[in-house]
C-alpha cells in the first residue's frame, strides 16, 4: 500500500500544480491579468499587456514567496481609467493596509509602476469602490467613526461606516459619508453607476434589505458632504447587485445566485413604476449573474440542469439577442465593461480546472486565451456526458460522467461517485483533484451527482408523503449507483462512493440501507449520530440538512436514517474509510470515531476494512500546511480504494 500511497500522492499533487487566473480587466491603455501563483494561495502577479494575446509585462507582485510568515492579499480594484490600482495586504485579514499602485506616471502622485503616498490602515469590510473621475474611492471599515464626525453620525452606523478617500490626502482627512436617519441596517454593498451620476448603497437589516441612491456631482471636487440619499426599494430578505445604467434606467440583479433571481430595471424618471422585470428564469433556467456589455446589452448567466449557459439581451426592449455556445461545465467568473463588446470568462469542467475564453460581441466569436496545464493529464483523451437519473420519488436529478473516450460499457470500469449537495445555482460540474487522479491513475470513471437537486420553482419538499429532503438525498445516492450498474459503466464490486459533511452522512446512511450496491465508501467529516445533534436554535446550520432533534416529529424521522443507530450486523459491508480532523465546527470529530467503533464492534468478521483516518489539527494560518495535509489525505483515500478493490496502477 505504501507504493500506492506515494504514487497517489504524486498524482494528486501534480493535478494541483497550475496557475489560476483571478481576473482580466480591460482598461483604456492596458489589459490587466491577475494570476494566483500555483502552490501559494496568497502569491499574486498582476501583468499588463496591450492586446489580449500580447506580450505580458509584470506590473505588480503581491505576497511573494520571500514574505516572512502568513500573508493576506485582498481583491485588487482598478480605477475606471486604469491609471490606479488599489489593494490591501497584511499578515491577516484583521491587520491590513490599503495602498495604491500606478500604471502610468501621474504628476504630483507617482511614477509608472510606483505607489502613491496614500495609506489606509485597518480592515475594509469589503472591496473598495472608485469614483467615476479617478479622484478617489469609497471604502467601509470595521469599527466606529473617528474623531468629531463620530458624535453627530454614530446613529447612522450599525456596521461598518462608509468613507471617501481622495488621492493625495491623509487617512485622517477622509470624508465620513452621512446617511439619513431612516436608513436602517448595515452597508452590504457600495456602487457608482456606470455613468458616474449615482452613488448606490445596499443596507441590510435584521429582516430586510433596502436600496438607496444619491446623486453625484461630477464637476465638484470629491463628493457631496451630505449626499441626498433616497430609498428606491425594499427587498425583504433578498439582495440587489447593480449591473449598469442605460439612459435614466438603473439595472439590477435581484437575489443573485439564488433561486428565483431576476434582472430588473428602475427608471429614475418614472419612480412610480418601481422595479420592472427585464429577464426572469425561463424554461428550467435560473439566473446566476448579469453584466452590462456593448453599451446597451445585458449578458445573463443562467444555470440549466446544473450547467452554465450565457444569453444576451438588449436594454430598453428586453429583446433576446443570442446565446453564447459553451462546452459542458461551469462559468465561474465574467469580466467585462458596460461600454465594451469584449468579454472574458473563466470556465471550469470535470476535465479542466480553468479555461479562459474571450468573446467578441461584434463578431459573435469565442476564442481560448489560456488553459490550465495539468502535468500528466491529457484532457483530450476523456469526455463528459450528462445524464438524468430517476429518483425513488419520481423526480429526476442530473449526473455527470467523465470517462476515457471509446470505453466499452461492459461493467469492468472502476468508478468513483462524488455526491454533491449544493442546491440551486451554486451546483455545476467542476474539476476534482481526487477525481482526476482516480481517472488517470486507475483508468477509472469519475461521476458527480447532485443528490439534492431541486428543479427551478420547486420547493424541494415531498409534501405528499411528508418525506424529509434528506431522505430523498439518501435515495438518490442509491439510485445513482444503481444507474451506473444497470447501464454497465461498472459493477458494485468496483464502485466507490464519496461524500463530505452533510453528504457524508447521506453516504453512510445509503451504505446502511444498501451495502451490496457499493464496493467502497469514503466518508469525510460526517455527522453519524443524528440524535446527538445540538438542539439549540443557534446551531441551525448543523440542523438544517437533517432536522432538529428537539422537535418530536424530526427526532423520530432522524432516528430512522441516523447512520450510527442503523448499522445492519446481518449484512456484509463494503470497505469504509472515515476521514475526520479535530476541528469541531461543522463536523464534530467524535462522530467518526464512534461510528467506526460501532461498525467494528457489530461487524467483527466483515471481510472488508472499516477504518478511520484523522487529518490532525488544521493550521488556519498556513495554506501550505493545510495543502500538505489535504494532499496526504487524498493519497490515503486513493490508496485505500485501490487496496480494497484490488485496483492496479494504470491498468
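Remark: the residue 117-residue 566 segment gains 155.1 nm on full extension, using 0.36 nm per residue and subtracting the alpha carbon distance.
Protection proxy ranking, highest mean first, for peptides 504-514, 198-208, 571-581: 504-514, 571-581, 198-208, where packing is the per-residue count of other beta-carbon atoms within 10 Å, averaged.
Using only the Cα atoms of the range 247-406, build the gyration tensor, take square roots of its eigenvalues as a ≥ b ≥ c, and label the shape rounded, prolate or oblate: rounded if a/c is under 1.5, else prolate if a/b is larger than b/c, else oblate. Oblate, because a/c is 1.5 or more while a/b does not exceed b/c.
Applying 1/(1 + (r/R0)^6) with r as the Cβ-Cβ distance of residue 340 and residue 409 and R0 = 45 angstrom yields a FRET efficiency of 0.45. Taking label points 7 Å from Cα along the Cα-to-Cβ direction, residue 184 and residue 643 give a separation of 6.0 nm.
Compared with the alpha-carbon gap, the fully stretched path from residue 390 to residue 322 is longer by 21.3 nm at 0.36 nm per residue.
When each of the peptides 331-343, 357-369 is scored by the mean number of other C-beta atoms lying within 10 Å of its residues, the order from highest to lowest reads 331-343, 357-369. Modelled spin-label separation between residue 95 and residue 295, with each label point placed 7 Å from Cα along the Cα-to-Cβ direction: 5.2 nm. Between the beta carbons of residue 49 and residue 134, assuming R0 = 35 Å, the FRET efficiency works out to 0.95 to the nearest 0.05. Applying 1/(1 + (r/R0)^6) with R0 = 25 Å to the Cβ-Cβ distance of residue 650 and residue 488 gives a FRET efficiency near 0.65.
For residue 600 and residue 501, the difference between the fully extended length at 0.36 nm per residue and the C-alpha to C-alpha distance is 33.4 nm.
Computed from the coordinates by the stated procedures, all read-outs in this text should not be read as laboratory data. Values in this document were obtained by computation on a predicted structure and should not be read as measured data. Note that each Cβ is placed from the backbone with ideal geometry, even for glycine, and that neighbours are counted across all protein chains shown.
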